[in-house]
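Engineer: Take this structure, written in structure tokens, and hold onto it; I'll ask about it next.
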């Protein structure tokens, strides 16, 4: 069941960028955990801006490819805290964001335009 439209997905993408930007300050993510959050904010913003969907600006990356990137990123974020040895809030943050990205991906209609 694909209940998230491309426009709604775009809003969620921009919210995700903000979440990655504020997570280090809000949760006290320092060192590698904080740096990765800032890097992911920039990467996610760039990918969203270049995606060919309603809230994209440059519209070069097909929305279906955007979806495939998120299909890789979601599980990678779930595994990241274990691979890098994060604990506490850093572990919870990355695992939770990864799960949310997986769920959003499963619920998004990537077949746009129709």
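Every number here is computed from the coordinates shown, using simple stated rules; none is lab data. The structure displayed is predicted, hence computed values, not measured ones. No Cβ is skipped: glycine too gets one built from the backbone with ideal geometry, and neighbour counts run over all protein chains shown.
Engineer: Would you mind ranking 83, 97 by Cβ crowding within 10 Å, fewest neighbours first? Show your work: numbers first, answer last.
Structural biologist: Values: 83 8, 97 21.
The most exposed by this proxy come first: 83, 97.
Engineer: Same structure, new question: Measure nothing fancy, just the Cα-based angle from helix 88-107's long axis to the longest principal axis of the chain, in degrees from 0 to 90, nearest 10.
Structural biologist: Roughly 10 degrees between the two axes.
Engineer: Would you kindly state how much longer the chain becomes between residue 8 and residue 35 on full extension, computed as 0.36 nm times their sequence separation minus their alpha carbon distance, in nm to one decimal? Working shown, then result.
Structural biologist: Working: separation 27, 0.36 × 27 = 9.72 nm, distance 2.77 nm.
Full-extension gain reported as 6.9 nm.
Engineer: Can you list, bin by bin at 10 Å, the percent of alpha carbon pairs in the chain, starting at 0?
Structural biologist: Pairs per bin, as whole percents: 15, 47, 28, 9, 0.
Engineer: Between helix 31-50 and the chain, what is the angle of the helix's C-alpha long axis to the longest principal axis, kept within 0 to 90° and rounded to the nearest 10?
Structural biologist: 10
Engineer: If neighbour count is taken as other Cβ atoms inside 10 Å, put 64, 16 in order from fewest to most. Provide the component values of the computation, followed by the final result.
Structural biologist: Values: 64 13, 16 20.
Lowest count first: 64, 16.
Engineer: Among 65, 1, which comes first, then next, by fewest other beta-carbon atoms within 10 Å? Mind showing how you got there, number by number?
Structural biologist: On the way: 65 14, 1 6.
Least crowded to most crowded, the residues run 1, 65.
Engineer: May I pose another question? For the range 35-64 and the range 86-107, write down the distance between their C-alpha centroids in whole Å.
Structural biologist: 18
Engineer: Rounding to the nearest 10 and keeping the result within 0 to 90°, find how far the Cα-based axis of helix 63-84 lies from the longest principal axis of the chain.
Structural biologist: Taking Cα atoms only, the helix is inclined about 10 degrees.
Engineer: Using alpha-carbon pairs under 8 Å, 6+ residues apart, how would you state the relative contact order of the range 6-107 in percent? Provide the component values of the computation, followed by the final result.
Structural biologist: Working: 118 pairs, mean separation 22.6, N = 102.
Relative contact order, the range 6-107: 22 percent.
Engineer: Follow-up. As an exercise, use a Förster radius of 22 Å and the Cβ-Cβ distance of residue 82 and residue 106 to find the FRET efficiency, rounded to the nearest 0.05.
Structural biologist: On the way: r = 22 Å, r/R0 = 1.00.
According to the calculation, E is roughly 0.50.
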